[in-house]
Amino acid sequence: MVHPEREQDALAEFRKKKVLTISQLRELLRCSVSTVRNRLRAWRTYTSFNQNGRYYTLPAIPRFDEHGLWWHKRIGFSKHGNLRQTLLRIVRDSPAGLEASQIGRLLRLDPRSFLSHFRGIEGLQREMQEGRFI
């Protein structure tokens, strides 16, 4: 159980810093990691799709762009969910598909570091068009 005052302090810290980690929240709430995770679920927080999903933000904080992305410094959040869900949504929403470099620019990630992990996923395929892979 989290003391209501500590919970209010944690929410105030979110509003101030925009993003927090589990360890920061654990310190603020003075509780176990599992209790922190329960609070994050109750607050319906977003998890970063980069930085190993280490960061969280409250739903009222992000101002998502037309691709459903929001950045706080180098930390990326997506209204679509994790990296896989975000990648699928961005590709599906693109009428002509996207090149790896375009995906990389949108997600601010080197596509070589993550695209190979998504081979064989339903809804995502690579095709040659006009001499380029899309």
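The values are calculated or read from the model by the stated rules, or taken from the named source; none is laboratory data. This structure is a prediction, so every number in the text was calculated from the model and none was measured. Ideal geometry is used to build each Cβ from the backbone, glycine not excepted, and the neighbour counts take in all protein chains shown. Side chains included, ligands, DNA and RNA excluded: accessible areas come from the protein's heavy atoms. Shrake-Rupley method; radii C 1.70, N 1.55, O 1.52, S 1.80 Å.
The table below lists the values:
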{"item": "In Å², nearest 10: area of HIS67 left accessible to a 1.4 Å probe", "result": "60 Å²"}
{"item": "Tilt relative to the chain, helix 4-17 - C-alpha long axis, 0 to 90 degrees, to 10", "result": "40 degrees"}
{"item": "Solvent exposure of the chain as accessible area per residue, Å², 1.4 Å probe", "result": "66 Å²"}
{"item": "The chain: radius of gyration over Cα atoms, expressed as a fraction of 2.2 N^0.38 Å", "result": "1.24"}
{"item": "Accessible surface, 1.4 Å probe, highest first, among residues TYR46, TYR56", "result": "TYR46, TYR56"}
{"item": "Fully extended contour minus Cα-Cα distance, from MET1 to ILE61, at 0.36 nm per residue", "result": "19.1 nm"}
{"item": "Cβ-based charge dipole, the range 27-111, positive-most Cα from LEU98, GLY76, THR47", "result": "THR47"}
{"item": "Degrees, to the nearest 10: 83-93 long Cα axis against longest axis of the chain", "result": "50 degrees"}
{"item": "Sorted peptide list for 83-91, 20-28, 112-120, criterion being average Cβ within 10 angstrom, highest first", "result": "83-91, 20-28, 112-120"}
{"item": "Computed FRET value (nearest 0.05) for THR21 with ASP93, which takes r as the C-beta separation and R₀ as 25 Å", "result": "0.25"}
{"item": "Mean ellipticity per residue at 222 nm, deg cm²/dmol - from DSSP H runs of n ≥ 4 across the chain, formula -39500 (n - 2.57)", "result": "-11500 deg cm²/dmol"}
{"item": "Charged-residue dipole, Cβ positions (Lys, Arg, Asp, Glu), the chain about Cα centre, Debye nearest 20", "result": "380 debye"}
{"item": "Separation in nanometres of the label points that stand 7 Å from Cα toward Cβ, at LEU115 and ASP9", "result": "4.7 nm"}
